[in-house]
1. From the list K237, K254, K199, K216, which one is out of contact with any helix residue (DSSP H, G or I) (no Cβ under 7 Å at 6 or more places or on another chain), among the basic types (K, R) and modelled with pLDDT of 95 or more?
2. How about segment 170-196: which of its residues are loosely packed, with under 14 Cβ neighbours inside 10 Å and either within 13 Å of L113 (Cβ to Cβ) or modelled with pLDDT under 95 (or both)?
3. If you take just the helices (runs of 4 or more DSSP H) that sit entirely in segment 12-130, which of them hold at least 1 residues that are among the basic types (K, R) and either surrounded by 14 or more Cβ atoms within 10 Å (Cβ to Cβ) or within 17 Å of the chain's Cα centre (by Cα) (or both)?
4. Looking only at segment 175-189, filter to residues that are assigned to a loop (DSSP other than H, G, I, E, B) and in contact (Cβ under 8 Å) with a residue 24 or more places away in the chain; which one of those is nearest to K333 (Cα to Cα)?
5. Could you tell me whether any residue of segment 233-254 is in a helix (DSSP H, G or I) and surrounded by fewer than 17 Cβ atoms within 10 Å (Cβ to Cβ)?
6. Go through (1) hydrophobic (A, V, I, L, M, F, W, C); (2) over 22 Å from L82 (Cα atoms); (3) touching a residue at least 24 places away in the same chain (Cβ under 8 Å) one by one and return the number of the condition V162 breaks.
7. Hey, could you check segment 263-311 for residues that are hydroxyl-bearing (S, T, Y) and open to solvent by 20 Å² or more (accessible area, probe 1.4 Å) and say which is farthest from Q81 (Cα to Cα)?
8. Exactly one of (1) among the charged types (D, E, K, R); (2) away from the ligand (no atom under 12 Å from the Cβ); (3) free of Cβ contacts under 8 Å to residues at least 40 places away in the same chain is unmet by K44. Its number?
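The values are calculated or read from the model by the stated rules, or taken from the named source; none is laboratory data. No experiment lies behind these values; they were computed from the predicted model shown. Cβ atoms come from the backbone with ideal geometry, glycine included; neighbour counts cover every protein chain shown. Heavy atoms of the whole protein, side chains included, go into the accessibility calculation; ligands, DNA and RNA do not. Shrake-Rupley method; radii C 1.70, N 1.55, O 1.52, S 1.80 Å.
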Amino acid sequence: MTGFSHKHSMNKREVLDMETKKRIFSGIKPSGELTLGSYMGAIKNWVSLQDEYECLYCVVDMHAITVRQVPADLRRRSLEQLAQYIACGLDPEKNIMFIQSHVPQHAELSWVLGCYTQFGELSRMTQFKDKSQKHADNINAGLFTYPVLMAADILLYQSDLVPVGDDQKQHVELCRDIASRFNFLFPDTFTMPEPFIPKMGARIMSLGAPDTKMSKSDPEGCVILMDKPEDIMRKFKRAVTDCESAVRFDKVNKPGISNLLTIYCAATGKTMEEAEAEFADKGYGVFKPAVGEAVVELLRPIREETTRLLTDKAYLESIYKEGAEKASYLANKTLRKVYKKVGFVPRG
Ligand code: TRP
């Protein structure tokens, strides 16, 4: 392992935690800016898990290049994403935070697992089918084997739980299939991971088209964590509603208002009943800017802290270096075991 010393990379408490706490792995691709949806649907939950579990949170840059990226932008966003993990409240002392390409065992295990994954299985993945339609000019092998790399991410760390959104459940299921096939051939290799949909997970929809997930490909319907207050306010004031005027939660008939209520509750910590009561006698003209303001206040400290962290490159570097070192230590244990089981000659 070039450059990493594994021997003393963890102290006693950390080693003990590793043995007693359940392990969590999750990651986000730095293929676009983090959004309000990434925060409310994923990172906020990660923060709530950091004390109870042993967590690894990754910037999955290797997954990002399955679609074309501008190299300089990818580099900038990967660092920014790490800074945002911290600014959102993930404590680098409690979690292992790292950049996927810094831990070569991901690629190495991915190759082996790919040899235990069937073409047919990968062909059935809905994300592959969607993406190969969207990027018809670039249906590359990485896009096809994307779920194998994701399985490697998870299995390398003997993860128990994998917090993911609905759209990634099929990939975690495939990861389980690969793991159980491998364990059947080579017993006791991998911990069987489970998808973990946390209780307080909020699925945030586009402000412009509330029947689709908030996504950076739709800039006006999407609030990014680095948006300035005036941009946030504009987007909320223009949010799609309906022709009734009551502020009440009704996902089927009032998807826009329901989404705004969900955002309001997640931003303020209020319950749905409290939020509905607060706006019971008020119209959309009062409600929409109120949601905007709650989000402005929620994101202000995150944006400011991210900006501050990005000026401290030495600190960020120390975090991702230490993260990669710890991750690599754990990953290596699994990879050695796998290499031995499949019949590779030990390096000695
Ligand atoms: N595929 C995930 C997504 O697009 C990101 C990801 C990569 C991931 N590896 C992972 C998530 C491992 C959980 C665990 O959201």
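1. On inspection, the qualifying residue turns out to be K254.
2. Scanning segment 170-196 gives S180, L185.
3. Helices (runs of 4 or more DSSP H) meeting the threshold: 44-49, 71-87.
4. T189
5. Taking every residue of segment 233-254 in turn, at least one turns out to be in a helix (DSSP H, G or I) and surrounded by fewer than 17 Cβ atoms within 10 Å (Cβ to Cβ).
6. For V162, the failing item is (2).
7. It comes out as Y284.
8. K44 satisfies every listed condition except (3).
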